Amino acid sequence: MAGVLLRSLHNLETSGNEPTAKWTVPLSDGNHVVEFEHGTATGRRVVKIDGNVIVHRDWMFRLVGDEVFMFNNAKFVIRVDPMPGLKYSYSLWVNGKSYKQFVQSQSKVLETWLAKVGNDEYRVVLDKHAHSVWVNGKEVEVENEFMDGGAEIIFSVGDLPATIRSYSSEQKEVGIAYVLYINDVEIQQETLLEES
């Protein structure tokens, strides 16, 4: 009898297609969607990143607590905390920072551009701390050169030459400005993530 009840609870929890909580996390290789499913009757926990299952636990009797996992050299923690009325709150921490703090710090570290070249779309990300460039989620080889008033990072996007030029914005609050050129055409920057 108890087994039948638990199976029916499990089936009820898995019948919905929507995750319990969902976040979009900007990393140097692109934005990743983290989904968390929490079965409040069975304790079931499923973590998916970009649709791929990273963690799957069934029949956990402890309904609150942390779910810790690694992805792309980043440590993720999903905190499940109790709330009044048999409800739960869910928060995401990345590399020891709350989700909001992590996104804010990433917006200071990453510069992002979206470029359409012919029929192909490219997402170019510059990690200002590591001086690395990622094109469509893959790190590419770069050459660094100094020029009057700044520096250039030279690489390729598809078969086309690309350059990220850095120079002083002469504005203290802005600091160094970065401009991407693909085949000598300036590409507009993308905002990292919209504040919700």
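The values are calculated or read from the model by the stated rules, or taken from the named source; none is laboratory data. For clarity, every value in this text was computed on a predicted model and none was experimentally measured. Note that we place each Cβ from the backbone using ideal geometry, even for glycine, and neighbour counts take in every protein chain shown. Quick note on the areas: whole protein, heavy atoms, side chains included, nothing else; ligands and nucleic acids left out. Shrake-Rupley method; radii C 1.70, N 1.55, O 1.52, S 1.80 Å.
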*asked:* Suppose we keep only residues that are hydroxyl-bearing (Ser, Thr, Tyr) and open to solvent by less than 40 Å² (accessible area, probe 1.4 Å) within the stretch 127-169. Which one would you say is farthest from Ile182 (Cα to Cα)?
replied: Ser169
_I want to confirm something. Restricting to the stretch 170-186 and keeping residues that are open to solvent by 30 Å² or more (accessible area, probe 1.4 Å) and of a type in the set (A, V, I, L, M), which single residue is farthest from Val142 (Cα to Cα)?_
Val174
*Would you be able to tell me the number of residues in the stretch 45-58 that are part of a loop (DSSP other than H, G, I, E, B) and either touching a His at 6+ places or on another chain (Cβ under 8 Å) or at pLDDT 95 or above (or both)?*
2
*Under the condition of being surrounded by fewer than 19 Cβ atoms within 10 Å (Cβ to Cβ) and among the small types (Gly, Ala, Ser), which residue from the stretch 18-49 is nearest to Leu110 (Cα to Cα)?*
Gly30
*Within the bounds of the stretch 98-112, is there any residue that is more than 23 Å from Val33 (Cα to Cα) and among the polar types (S, T, N, Q)?*
no
